[in-house]
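Written below as structure tokens is the structure these notes are about.
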Amino acid sequence: MISTKYFTPEEAEKTLPLVKQIVKDIINTAREMRLLADEIGSNVEENPVIQKMADNINEFMRELEEIGCLYKDWNFTIGLVDFPAIIAGREVFLCWRSDEENILYYHDTDKGFSERKLLPDR
């Protein structure tokens, strides 16, 4: 059984330099993959370069999981990351997007980006 690491907002902020770099790698690799796939056309699944890029993205996502956070942008375009946390005695996700400097928002675990709220004391 894997135990969940809970972040305080300050702990999550300390991971941001590394998280930002990993997310940048994910977004850039996905963009390169899409461009190559557009050039290739059919038989994309059989292309070893595309497969290597997909493996790299999976490895980047594993790195985020090792830190304790979750990558949530399945279009691989905006870089959305959730950090498990406890706020006011409830399990929530601190929510960060790659175009944001800091972690300023959170949302309930059964909600998503569209329902995030400003962190208390921010």
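Nothing in this text is a laboratory measurement; each read-out follows from the coordinates by a stated rule. Only a predicted model underlies this, so the values are computations on that prediction, with no experimental measurement involved. So basically every Cβ, Gly included, is an ideal-geometry build from the backbone, and we count neighbours across all protein chains shown.
3J(HN,Hα) couplings calculated from phi for region 91-98 with the Karplus curve 6.51 cos²θ - 1.76 cosθ + 1.60 (θ = phi - 60°) are, in sequence order, 6, 9, 10, 5, 10, 10, 10, 4 Hz; Gly and Pro show x. Which of the residue pairs K14/K111; K14/K52; K24/K117; K24/K52 have a Cα-Cα distance greater than 22 Å in the structure shown? Long pairs (Cα-Cα over 22 Å): K14/K111; K14/K52; K24/K117. So if R0 is 25 Å, what FRET efficiency would N56 and E100 give, r being the distance between their Cβ atoms, rounded to the nearest 0.05? Plugging the Cβ-Cβ distance into 1/(1 + (r/R0)^6) gives 0.55. Between Y105 and C95, L119, the built amide H atoms are under 5 Å apart, and every one of these is 5 or more places off in sequence or on another chain. Each other residue within a Cβ distance under 11 Å of C69 adds +1 if Lys or Arg and -1 if Asp or Glu, for a net charge of -3.
Alpha-carbon geometry of the chain: the Rg and the Dmax are 16.1, 52 Å, given in that order. Computing FRET efficiency as 1/(1 + (r/R0)^6) for Y6 and E65, where r is the C-beta to C-beta distance and R0 is 25 Å, gives about 0.95. Out of I40, I78, I57, any idea which swings most in a Gaussian network model of the chain, alpha carbons joined below 10 Å? Among I40, I78, I57, the largest mean-square fluctuation in the Gaussian network model of the chain belongs to I40. Computed over neighbours whose Cβ is under 10 Å from that of H107, the net charge equals -1, Lys and Arg +1, Asp and Glu -1. Relative contact order of region 9-118: 21 percent, from C-alpha pairs under 8 Å at least 6 residues apart in sequence.
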